[in-house]
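Comments concern the structure below.
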Amino acid sequence: MNLRWVFGNYAVHILLILCIILLNAADFCYGGKTSSFSRINDDVSEDMPLNSDVFQVFPAYNAPQQVHITQGDHIGKAVIVSWTTTDEPGSNTVTYWAERSIKKKKAEGIVHTYKFVNYTSGYIHHCTITGLEFDTKYYYEVGSGNSSRQFWFLTPPESGPDVPYTFGLIGDLGQTYDSNRTLTHYELNPTRGMALLFVGDLSYADRYPNHDNVRWDTWGRFVERNAAYQPWIWSAGNHEIDFIPTLGETVPFKPYTYRFPTPYQASDSTSPYWYSIKRASAYIIVMASYSAFGKYTPQNKWLMDELPKVNRTETPWLIVVMHCPMYSSYLHHYMEGETMRVLYEPYFVEYKVDVVFAGHIHAYERSERISNIAYNITNRLCAPTRDKSAPVYITIGDGGNSEGLVYDMTQPQPDYSAYREASFGHGTFDIKNRTHAYFGWHRNQDGYAVEADALWLHNRYWNPIQDVSAASM
């Protein structure tokens, strides 16, 4: 036998093995894509002035302002209508009627006020309209006489496994010029949602001296143009805590709680900060990153009871909304969600959560389907690995707030990170049927929205195969 031939082939095999090892190592160390897109103006965006046109008050005595709606029950047949009056309490009544009906109905609400440091709120109204029909357009009026204002909303279709439905996604919005661009792009997006999942951090009023609650009022007027017409599903972020005991404010989430009700009792929750709803073919669980969530806490007990209730033959898409991300490769707020991840990630995998939406990081990132649940102290298995039962984690805290974008990222890009970019924008989650949904992230760019990242998701319960990046199709 020719020894040169033998050793030559041996060397080739060794070389191939080394190449495979290096490729696998590279695949582990280096993740997906870090966008090279650079904003034309990367300065920190300023809040819009108080006399901005987006903060204008309806020109009538005691006219309702800051009108917004959210889902009012667990299944989608009720709506909570909220608004504020400033001169006097005025009417608590909401008049409403279906589009093809001449019969008008009335619902009575409640009104309250609160004080915060040296601020006194207007008269904040909440009224729950119940007994609505699925998949119906309703008109509603708040206020009375010359001060009345009219809006409309669409109820969702009845829950079912193949019911299509689209959600919008915005987080960390604030009230800057970039915030206005984000909301405008969402409103003009032809694939915008029929309801919006808001992943926390609303007004950023806490960035002002004494957490100036006037900026809660301006924010309510700013988002009214959309939030009065489609339900915004709320989750609380760190900028909603408003805890300043040195100024006598010792009740966390006080302004947020007075202004933005949730249907928490309909899902047997004991707190408005964690709850669930069904909407079309989706089951949405909202978690509270800044309320106690450890073992034996009320939130923990509620979630352990809630996850087994999800019927994937009725609502196949299981979505979790929270503020602080469990996975993020940005240096800002790095690993702040680790405690919650360690506790709850095994359950997300066990119950095959499809996607987890979070904010907090002022940028965008999408993960692969990964989990890090094998570690048992002694086995050293403490790195994320591909897991077909795990959710995709999407961070979308890029609404445009005054703290600006974050640019510093861990290097090299970790294996679990599929795409990341420091730009402002919004998202859409378009459910097609029980097996497929399409997620798109729309970057704010030069006056129009660009779909900078997209993914076809395969349902973890019905079709647990590999998701497909739209860029690869």
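The values are calculated or read from the model by the stated rules, or taken from the named source; none is laboratory data. What you are looking at is a predicted structure, and each value in this text was computed from that prediction instead of being measured. Cβ placement follows ideal geometry from the backbone for every residue including glycine, while neighbour counts extend to all protein chains displayed. Remember, those area values only see protein heavy atoms, side chains included, never the ligands or the DNA or RNA. Shrake-Rupley method; radii C 1.70, N 1.55, O 1.52, S 1.80 Å.
Contact map, segment 382-397: residues that are in contact (Cβ under 8 Å) with a residue 40 or more places away in the chain and buried (at least 16 other Cβ atoms within 10 Å of the Cβ) paired with residues that are part of a strand (DSSP E or B) and of a type in the set (Val, Ile, Thr), Cβ distance under 6 Å, separation 6+ or inter-chain. Pairs shown: Pro384/Ile370; Ala390/Ile370; Pro391/Val355; Pro391/Val356; Val392/Val355; Tyr393/Val356.
Each residue in segment 170-193 was checked for being under 9 Å from Asn401 (Cβ atoms) and acidic (Asp, Glu), and 2 pass.
Please go through segment 268-297 and give me each residue that is of a type in the set (S, T, N, Q) and touching a helix residue (DSSP H, G or I) at 6+ places or on another chain (Cβ under 7 Å), ordered by number.
Hits for segment 268-297 are Ser269, Thr270, Ser271, Ser276, Ser289, Ser291.
Selection of segment 424-443 for residues being surrounded by fewer than 24 Cβ atoms within 10 Å (Cβ to Cβ) and over 25 Å from Trp462 (Cα atoms) yields only Arg443.
The single condition from (1) closer than 23 Å to Tyr264 by Cβ; (2) over 28 Å from the mean Cα position of the chain (by Cα); (3) surrounded by fewer than 18 Cβ atoms within 10 Å (Cβ to Cβ) that Pro89 fails is (1). The residue pairs whose first member lies in segment 105-133 and is farther than 18 Å from Ala63 by Cβ, whose second member is open to solvent by less than 20 Å² (accessible area, probe 1.4 Å) and of a type in the set (Asp, Glu), and whose beta carbons are closer than 8 Å, counting only pairs six or more residues apart or on different chains, are Phe116/Asp242; Phe116/Glu249; Val117/Glu249. Residues in segment 323-366 that are open to solvent by less than 10 Å² (accessible area, probe 1.4 Å), closer than 23 Å to Ser159 by Cα and either in a loop (DSSP other than H, G, I, E, B) or of a type in the set (Val, Ile, Thr) (or both): Val353, Asp354, Val355, Val356. Can you confirm whether segment 146-157 contains a residue that is under 16 Å from Gln66 (Cα atoms), assigned to a loop (DSSP other than H, G, I, E, B) and not basic (Lys, Arg)? Yes. Among the numbered conditions (1) in a strand (DSSP E or B); (2) aliphatic (A, V, I, L, M); (3) over 21 Å from Asn238 (Cβ atoms), the only one that Val320 does not meet is (3).
Considering Arg215, Arg225, Arg259, the condition of being farther than 22 Å from Ile394 by Cα and out of contact with any Phe, Trp or Tyr (no Cβ under 9 Å at 6 or more places or on another chain) is satisfied by Arg225 alone. Taken over segment 297-314, the criterion of being open to solvent by 50 Å² or more (accessible area, probe 1.4 Å) and within 16 Å of Ile75 (Cβ to Cβ) is satisfied by Lys309, Asn311, Thr313, Glu314. What about Thr313, is it over 16 Å from Val392 (Cα atoms), in contact with a Phe, Trp or Tyr (Cβ under 9 Å, 6 or more places away or on another chain) and assigned to a helix (DSSP H, G or I)? No. Residues that are at positive phi and assigned to a helix (DSSP H, G or I) within segment 195-232 comprise Asn210, His211, listed in sequence order. Tell me, which residue of segment 252-273 that is touching a strand residue (DSSP E or B) at 6+ places or on another chain (Cβ under 6 Å) and free of Cβ contacts under 8 Å to residues at least 60 places away in the same chain is farthest from Thr218 (Cα to Cα)? Going through the qualifying residues, I end up with Ser269.
Name the residues in segment 113-150 that are under 29 Å from the mean Cα position of the chain (by Cα), over 27 Å from Tyr165 (Cα atoms), open to solvent by 50 Å² or more (accessible area, probe 1.4 Å) and not basic (Lys, Arg), would you? Correct list: Thr113, Tyr123.
On the stretch given as segment 398-434, residues that are of a type in the set (D, E, K, R), within 20 Å of Thr191 (Cβ to Cβ) and not in a loop (DSSP other than H, G, I, E, B) total 2.
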